[in-house]
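Everything below concerns the one structure shown next.
The values are calculated or read from the model by the stated rules, or taken from the named source; none is laboratory data. What you are looking at is a predicted structure, and each value in this text was computed from that prediction instead of being measured. Neighbour counts run over all protein chains shown; Cβ positions are idealised from the backbone, glycine included.
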Amino acid sequence: MCIEIMLNASGLAFIAAGSWWGQPDGQIMFLFILAMAAAEVSIGLAFVLLFHKRQAELDVDAASELRG
Amino acid sequence: MVTIFYLAGTLAVIATLLAITQRHAVHALLYLIVSLLAVAVDFYALGATFVAALEIMIYAGAIMVLFVFVVMMLNVAEHAMEVEREWLKPRNWVGPSVLSLILLGELAYCTATFGSTPSLANAVGPKQVGVALFGTYWIGVELASLLLMAGLVGAFHLGRHAFAKEERQHAADTDTALPDSGGDFVHTGSRGTSRAA
């Protein structure tokens with residue numbers, strides 16, 4: 001979720017810059033950020049679900065083994 | 001339009017701060033959705049209407065709903081009813097409601113004055129974006145499609161093992177559960193007859 005906030009902040013900066021100079025590049029960069037966020041979210045949530053199923057908790061500190 | 005921009009920006013900052021400081025995951029998600037909507041209003045005020053629509057549809061509509069879905073799925077508790085009754089107290093939903101109502105007012109204002117107010121800066125239309133996206137940046141589009149494909153394959157790979165394990169577990173459970181339920185049924189039946197007698 002914090003990654004989403006940060007990506008949105010950078011996207012807002014891109015949009016503002018693109019709007020300031022009147023170029024479409026800022027919006028295109030935001031589209032790429034959007035695609036990247038979608039891929040990242042799908043992988044991350046799948047990993048969280050798997051971790052919850054295996055460890056029965058959501059504490060990140062519990063994930064201290066490479067092969068549990 | 002300048003007023004709308006700054007109002008929505010302030011709303012976005014407030015909602016994001018609340019999303020970070022909230023202790024409950026669902027509350028934080030609700031504030032984050034409000035923050036995304038406010039950022040979308042900012043995009044609209046900046047003249048990027050196409051990206052504002054995409055922000056609402058993909059970010060607030062798809063990604064955040066995915067988040068909410070997973071959080072709800074992981075939050076299955078025994079005392080879910082009491083927890084939900086606790087969540088429905090006004091203290092919990094009045095914050096996002098106020099922020100969303102301000103956004104709704106901005107939306108109504110934009111709809112009422114559509115076309116008459118100039119945008120904040122020089123606007124970039126969807127046509128320009130499309131021409132540049134599939135002209136200059138076509139390699140980026142291809143790379144994004146590769147990235148999405150990799151994400152799809154990765155998510156499927158992560159989910160496949162869990163699903164296969166669950167299937168095996170389910171099969172084992174039903175094998176052991178069948179005689180149990182049968183015995184329970186006979187037991188309750190005999191108890192019912194004895195009570196009737």
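What are the residues in the range B:16-30 that are in contact with a helix residue (DSSP H, G or I) (Cβ under 8 Å, 6 or more places away or on another chain), in a helix (DSSP H, G or I) and more than 10 Å from chain A (Cβ to nearest Cβ), if any?
Selection gives B:18, B:26, B:27, B:30.
Here is a check on your reading of the model: is residue B:144 facing chain A (nearest Cβ under 10 Å), modelled with pLDDT of 75 or more and at negative phi?
Numbers: facing chain A (nearest Cβ under 10 Å): yes; modelled with pLDDT of 75 or more: yes; at negative phi: yes.
Yes: the conditions hold for residue B:144.
Among the residues that make up the range A:3-21, is at least one of them of a type in the set (D, E, K, R), buried (at least 19 other Cβ atoms within 10 Å of the Cβ) and out of contact with any strand residue (DSSP E or B) (no Cβ under 7 Å at 6 or more places or on another chain)?
Among the residues of the range A:3-21, at least one is of a type in the set (D, E, K, R), buried (at least 19 other Cβ atoms within 10 Å of the Cβ) and out of contact with any strand residue (DSSP E or B) (no Cβ under 7 Å at 6 or more places or on another chain), which makes the answer yes.
Going through the range B:34-49 one residue at a time, which ones are in contact (Cβ under 8 Å) with a residue 40 or more places away in the chain, assigned to a helix (DSSP H, G or I) and buried (at least 20 other Cβ atoms within 10 Å of the Cβ)?
B:34, B:37, B:38, B:41, B:44, B:45, B:46
Looking only at the range A:1-30, count every residue that is more than 7 Å from chain B (Cβ to nearest Cβ), among the aliphatic types (A, V, I, L, M) and closer than 22 Å to residue B:33 by Cα and tell me the total.
The number of residues fulfilling the criteria is 6.
Would you say residue B:56 is more than 7 Å from every other protein chain (Cβ to nearest Cβ), of a type outside the set (S, T, N, Q) and surrounded by fewer than 20 Cβ atoms within 10 Å (Cβ to Cβ)?
Yes; evaluated as a whole, the condition is true for this residue.
Look through B:103, B:66 and report the one residue that is part of a helix (DSSP H, G or I) and either modelled with pLDDT under 75 or within 14 Å of another protein chain (Cβ to nearest Cβ) (or both).
Result: B:66 is the single residue among B:103, B:66 that is part of a helix (DSSP H, G or I) and either modelled with pLDDT under 75 or within 14 Å of another protein chain (Cβ to nearest Cβ) (or both).
Which pairs have Cβ atoms under 8 Å, sit 6 or more apart or on different chains, and link a residue in the range B:148-161 that is within 7 Å of chain A (Cβ to nearest Cβ) to one that is in a helix (DSSP H, G or I) and of a type in the set (Ser, Thr, Tyr)?
B:151/A:42; B:154/A:42; B:155/A:42
Residue check: is residue A:42 more than 7 Å from chain B (Cβ to nearest Cβ), touching a helix residue (DSSP H, G or I) at 6+ places or on another chain (Cβ under 7 Å) and modelled with pLDDT of 85 or more?
For residue A:42, the condition - more than 7 Å from chain B (Cβ to nearest Cβ), touching a helix residue (DSSP H, G or I) at 6+ places or on another chain (Cβ under 7 Å) and modelled with pLDDT of 85 or more - is not met.
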